[in-house]
Amino acid sequence: MTAPVRKIISQSTVDGPGNRTAIFLQGCNIRCSYCHNPETQAMEDAEASERTVPEVVEEIRKSIPFIRGITVSGGECMLRAEWLKELFTAVRHLSDETGHFLTCLIDSNGTVPFSSHRPLMDVCDGVMLDVKAWDSVIYQRLTQSANNRIVKDNLTWLLQEDKLTEVRIVCVPEMVDVEVILNNIAQIYGFIGKSAPIKLIRFRPHGVIGALSAYPVTSEEAMNHYISIAESLHLPVRKG
Amino acid sequence: MADIYSIVTSQKLSYEQKVVALAHAAEDTLSVLPMPERTKFYFAQGVICNLNEGNAPYRPRYIMPDYQKAVKDGVKFLELAPPQDFDELLTFLQVLYRHVPSITTYPVFLGDLDKLIEPFIVGLSDSEVKRKLRNFLIYLDRTITDSFCHANLGPEATRAGRLIMEVDCELAQAVPNLTLKYDPSITPDAFAEQAIYTSLCVANPAICNDPLNAKTYDRYGISSCYNILPIGGGSYTLTRIVLPRLAAMTNDKKEFLETLLPEAMLCMADYMSARIRFIVEKSGFFESHFLVKEGFVSRERFVAMFGLVGLAEAANHFAPEGKKYGSDAEADDIAEQIMDAITEFVNQYECPYCDIANHHLLLHAQVGIDTDYGITSGIRIPVGDEPESIYDHLRHSSRFHRYIPTGCSDILPFDITGKQNPAAVLDIIKGAFSLGQKYIAFYASDSDLVRITGYLVKRSEIEKWNKGETVLQNTTQLGAPTYASAHLANRKVRGV
């Protein structure tokens, strides 16, 4: 089995906790207007190459012992759930073989239900989940995708299963209902009695070719405003 | 005499710098060390270099007083009783530091500063401690005007250590250098991450592989340019062999390894032995100095550092055309042969008065001086030849660090985004240390403070010196030409 790998970054500090090797798969099922790597959206691209799990594992091996794990991102990597399961299983074997434990994280837009991929989730240490909007109309406008019910279901399910590593919200004033998202997450955290870190990401137009390409960088004041809301809701928040 | 006149009339040297330069000039009028013909030859060729240690040594080069003992017992010669509170401790240390000799005339080792301070800050608020620490550190920076000066932290996390780093972050000074002794089984991640964050702000502290370096002696400290030396002793001398200049004498690797290198090493070792004998037997230091008489250092705890520099260029000289140390196995294997030959020599050569080193000289990866052109520090990879991957770079270091007991290091400039994820930098350090890398220093690519070869200098001070202005720190004078000649601005910046 192969998956279209767009690129592998052996040393990434922005794709989860600590230093990680990040694997970016080609192909996405939504079209976010603020997407920072739009080149990975098309399901096929000449720049991506079909790679087997053993090939990717050999790349990961070169980063040991300098990383604490790997993160698979995209595109949307959950479109290749079977390949992911095979990769994470192989990485567990690699940990056993080298004695250097590696965690396996998924970076996802949450449009594929994780609950229907139990065997994958058994070998996955956590998910960094994008919550792009709470209101479905805002979500549709932002992503050109039908609705975000599955994202919300995933948020709850991952939290219950202790697989929610981080929630990510890209903050674009007036385009994203940040306050509503934060309020709803606080309710869910309270209801389930668990929580996960929230990363508020400042929107920057650099690299964006979608509808928000001419939009300004989110101001420091706006970011501080969102942070203070999150803190007033007792959410574990940080700026990204 | 012309030299002395130019020292006296210089407008670039500060008053203190003139006094030190004049003392050096006076010492060099003596000629008390034996200088056989071949030794003279290798000195003249620049193969053996005594790093301006002077012709008649009257104190060991590096002195590592047992400050813990001094604080406990007091110092009779200085009429200092054991300090009873934090203010008394800081005054006690300020006075004692002032009287610790070294090659630079300033103390090169300030002790395990966090451990010295920790018992004295119980009951004081953070802000009170920081206010006093700030004054203390400013005093050190402005009076120890030479950044070959080092204080140690860790491996345990302490409140004192945390506060020292917080104040250091605010002050951004070149003195003192700080090193965190890091042991992943003792040092909490949060403490190590604070150290990394601080380092990415102000290029301090460096991180030392504590479990590996602790094997060198019973108690070690880091002094000057990351020298690993016994506390309660130090090093008599640091003389170095400049490998590329020796390699330039032949194109035959066999002749180099079997004839030239052994002869030059023997000359250098004999010269070092003569220096040691003069310090111990003639200078009177061990009979008269209060640090010895009161037991803060003892002769039995001194070593002698056999320095080497330019392993990269020497290996490249004998490697096939185009093969380079740091990225090609052919060159690296030759470097290993050279290191094996040097190690074998020091392990069989017996030197006087080096009890704690089993009567052997100990290898040191000397970092270079301002007049080295085309000679890379110790065993480092030349600027511009660094492997694309930081992982390969650190694997390479590990391979060669294992040879060096008294200090070797890597210096890496990091992309400023590292500040947002110190945990990621810590992962890289943990990996490197697990492979045998011994000591790592880094700074952010946009930092005013920059590590030259081991010591810190402010880029803004370099600019002042280059314009012909007087500067406070002696090390700026060394750093300014080295920053240019060693192309340090071109060090590969590691993204994180």
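The values are calculated or read from the model by the stated rules, or taken from the named source; none is laboratory data. What you are looking at is a predicted structure, and each value in this text was computed from that prediction instead of being measured. Don't worry about glycine lacking a Cβ; one is built from the backbone with ideal geometry, like all the others, and counts go over all protein chains shown. The accessibility values were calculated without ligands, DNA or RNA, using every heavy atom of the protein model including side chains. Shrake-Rupley method; radii C 1.70, N 1.55, O 1.52, S 1.80 Å.
Of the residues making up segment B:469-492, those that are open to solvent by 10 Å² or more (accessible area, probe 1.4 Å) and farther than 18 Å from B:Thr371 by Cα number 7.
Please tell me if A:Val72 is among the aliphatic types (A, V, I, L, M), assigned to a loop (DSSP other than H, G, I, E, B), open to solvent by less than 50 Å² (accessible area, probe 1.4 Å) and touching a residue at least 12 places away in the same chain (Cβ under 8 Å). Outline the logic, then answer.
Values: among the aliphatic types (A, V, I, L, M): yes; assigned to a loop (DSSP other than H, G, I, E, B): no; open to solvent by less than 50 Å² (accessible area, probe 1.4 Å): yes; touching a residue at least 12 places away in the same chain (Cβ under 8 Å): yes.
Here the answer is no, as A:Val72 does not meet what is asked.
Scan segment B:374-391 for residues that are part of a loop (DSSP other than H, G, I, E, B), more than 20 Å from the chain's Cα centre (by Cα) and not charged (D, E, K, R) and jot them down. Residues satisfying the conditions are B:Gly374, B:Gly384, B:Pro387, B:Ser389.
Between A:Leu79, A:Leu94, A:Leu102, the distinction of being more than 14 Å from every other protein chain (Cβ to nearest Cβ) and either of a type in the set (Ser, Thr, Tyr) or open to solvent by less than 10 Å² (accessible area, probe 1.4 Å) (or both) belongs to A:Leu94 only.
For the subset of segment B:311-363 comprising residues that are assigned to a loop (DSSP other than H, G, I, E, B) and among the aromatic types (Phe, Trp, Tyr), which member is farthest from B:Asp410 (Cα to Cα)?
Residues of segment B:311-363 assigned to a loop (DSSP other than H, G, I, E, B): B:319-328, B:349-354, B:358-361.
Now narrow it down to the ones that are among the aromatic types (Phe, Trp, Tyr): B:325, B:349, B:353.
Details: B:Tyr325: 15, B:Tyr349: 28, B:Tyr353: 31 Å.
Filtering segment B:311-363 for residues that are assigned to a loop (DSSP other than H, G, I, E, B) and among the aromatic types (Phe, Trp, Tyr), the one farthest from B:Asp410 (Cα to Cα) comes out as B:Tyr353.
For A:Ile67, state whether it is open to solvent by less than 10 Å² (accessible area, probe 1.4 Å) and more than 22 Å from A:Pro119 (Cβ to Cβ). Step through it out loud before you land on a result.
Numbers: open to solvent by less than 10 Å² (accessible area, probe 1.4 Å): yes; more than 22 Å from A:Pro119 (Cβ to Cβ): yes.
The answer is yes for A:Ile67.
Scan (1) open to solvent by 20 Å² or more (accessible area, probe 1.4 Å); (2) touching a strand residue (DSSP E or B) at 6+ places or on another chain (Cβ under 8 Å) for the single condition A:Ser116 breaks and write down its number. Every listed condition holds for A:Ser116 apart from (2).
Residues checked against (1) at pLDDT 95 or above; (2) surrounded by fewer than 23 Cβ atoms within 10 Å (Cβ to Cβ):
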| position | (1), (2) |
| --- | --- |
| B:Ile334 | yes, no |
| B:Thr343 | yes, yes |
| B:Gln348 | yes, yes |
| B:Asn358 | yes, yes |
| B:Thr371 | no, yes |
| B:Gly384 | no, yes |
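Quick check on this structure: which one of A:Ile8, A:Ile60 is in a helix (DSSP H, G or I), within 14 Å of chain B (Cβ to nearest Cβ) and modelled with pLDDT of 95 or more? I'd like the intermediate steps shown before the answer.
Details: A:Ile8 fails: in a helix (DSSP H, G or I).
Result of the check over A:Ile8, A:Ile60: A:Ile60.
For segment B:36-74, a residue qualifies if it is aliphatic (A, V, I, L, M) and either within 30 Å of B:Leu113 (Cα to Cα) or buried (at least 16 other Cβ atoms within 10 Å of the Cβ) (or both), and the qualifying residues are B:Val47, B:Ile48, B:Leu51, B:Ala56, B:Ile63, B:Met64, B:Ala70, B:Val71.
When the residues of segment A:63-76 are filtered to those that are in contact with an Asp or Glu (Cβ under 8 Å, 6 or more places away or on another chain) and β-branched (Val, Ile, Thr), which remaining residue is nearest to the other protein chains (Cβ to nearest Cβ)?
Start the filter on segment A:63-76 by keeping residues that are in contact with an Asp or Glu (Cβ under 8 Å, 6 or more places away or on another chain), which leaves A:66-69, A:71-74.
Now restrict to residues that are β-branched (Val, Ile, Thr): A:67, A:71-72.
Numbers: A:Ile67: 6, A:Thr71: 12, A:Val72: 18 Å.
Only one residue fits best here, namely A:Ile67.
Is it the case, given these coordinates, that B:Thr91 is open to solvent by 60 Å² or more (accessible area, probe 1.4 Å), without any contact (Cβ under 8 Å) to a residue 40 or more places away in the chain and not small (Gly, Ala, Ser)? Judged against the criteria, B:Thr91 is a match.
Quick grid of which residues meet (1) open to solvent by 10 Å² or more (accessible area, probe 1.4 Å); (2) at pLDDT 85 or above; (3) within 14 Å of chain A (Cβ to nearest Cβ):
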| site | (1), (2), (3) |
| --- | --- |
| B:Thr417 | yes, no, yes |
| B:Gln420 | yes, no, yes |
| B:Val425 | no, yes, yes |
| B:Ala432 | no, yes, yes |
| B:Lys467 | yes, no, no |
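Please work out which residue is nearest to the other protein chains (Cβ to nearest Cβ), limiting yourself to segment B:392-410 and to residues that are outside any helix (DSSP H, G or I) and open to solvent by 20 Å² or more (accessible area, probe 1.4 Å). Walk me through it before giving the result.
Start the filter on segment B:392-410 by keeping residues that are outside any helix (DSSP H, G or I), which leaves B:402-410.
Retained after the next criterion (residues that are open to solvent by 20 Å² or more (accessible area, probe 1.4 Å)): B:402-403, B:405.
On the way: B:Arg402: 16, B:Tyr403: 21, B:Pro405: 24 Å.
Per the criteria, the residue is B:Arg402.
Among the residues of segment B:164-180, those that are touching a strand residue (DSSP E or B) at 6+ places or on another chain (Cβ under 7 Å) and either surrounded by fewer than 24 Cβ atoms within 10 Å (Cβ to Cβ) or assigned to a helix (DSSP H, G or I) (or both) comprise B:Ile164, B:Asp168, B:Ala172.
Among the residues of segment A:12-40, the one identified as without any contact (Cβ under 8 Å) to a residue 40 or more places away in the chain and open to solvent by 30 Å² or more (accessible area, probe 1.4 Å) is A:Glu39.
The C-beta contact set for segment A:195-221 (first residue more than 16 Å from A:Ser232 (Cα to Cα), second residue at pLDDT below 90 and of a type in the set (D, E, K, R), distance under 9 angstrom, 6+ apart or interchain) comprises A:Ile201/A:Lys239; A:Arg202/A:Lys239.
Take residues that are surrounded by fewer than 21 Cβ atoms within 10 Å (Cβ to Cβ) and assigned by TED's automatic domain parsing to the domain that holds B:Ile334 and tell me which of the helices (runs of 4 or more DSSP H) falling wholly in segment B:239-297 contain 2 or more. Explain how you work it out, then say what you get.
Values: elements: B:243-247, B:261-277, B:285-288, B:290-293.
In segment B:239-297, the matching helices (runs of 4 or more DSSP H) lie at B:261-277, B:285-288, B:290-293.
Taking A:Glu59 as the residue in question, decide whether it is under 28 Å from A:Ser116 (Cα atoms) and more than 14 Å from the chain's Cα centre (by Cα). Show your work before the answer.
Details: under 28 Å from A:Ser116 (Cα atoms): no; more than 14 Å from the chain's Cα centre (by Cα): yes.
When the stated conditions are applied, A:Glu59 does not pass them.
Being β-branched (Val, Ile, Thr), open to solvent by less than 10 Å² (accessible area, probe 1.4 Å) and within 14 Å of chain A (Cβ to nearest Cβ) is not true of B:Ile452.
Residues satisfying the criterion are absent from segment B:124-131 (criterion: touching a residue at least 12 places away in the same chain (Cβ under 8 Å), of a type in the set (A, V, I, L, M) and at positive phi). Selection of strands (runs of 3 or more DSSP E) fully inside segment B:49-163 by the criterion of at least 2 residues being over 22 Å from B:Phe191 (Cβ atoms) returns B:62-64. Applying a threshold of 6 Å to beta carbon distances and a minimum spacing of six or more residues, or different chains, the list of pairs starting in segment A:128-143 at a residue that is over 21 Å from A:Asp15 (Cβ atoms) and ending at one that is assigned to a loop (DSSP other than H, G, I, E, B) and small (Gly, Ala, Ser) reads A:Tyr139/A:Ala133; A:Leu142/A:Ser33; A:Leu142/A:Ala133.
Among the residues of segment B:214-230, those identified as within 24 Å of B:Asp410 (Cβ to Cβ) and outside any strand (DSSP E or B) are B:Ala214, B:Lys215, B:Thr216, B:Tyr217, B:Ser224, B:Cys225, B:Tyr226.
Residue pairs whose Cβ atoms lie under 6 Å apart, separated by 6 or more positions or on different chains, with the first residue in segment A:46-66 and more than 21 Å from A:Gly27 (Cβ to Cβ) and the second open to solvent by 80 Å² or more (accessible area, probe 1.4 Å), are A:Pro65/B:Ser434.
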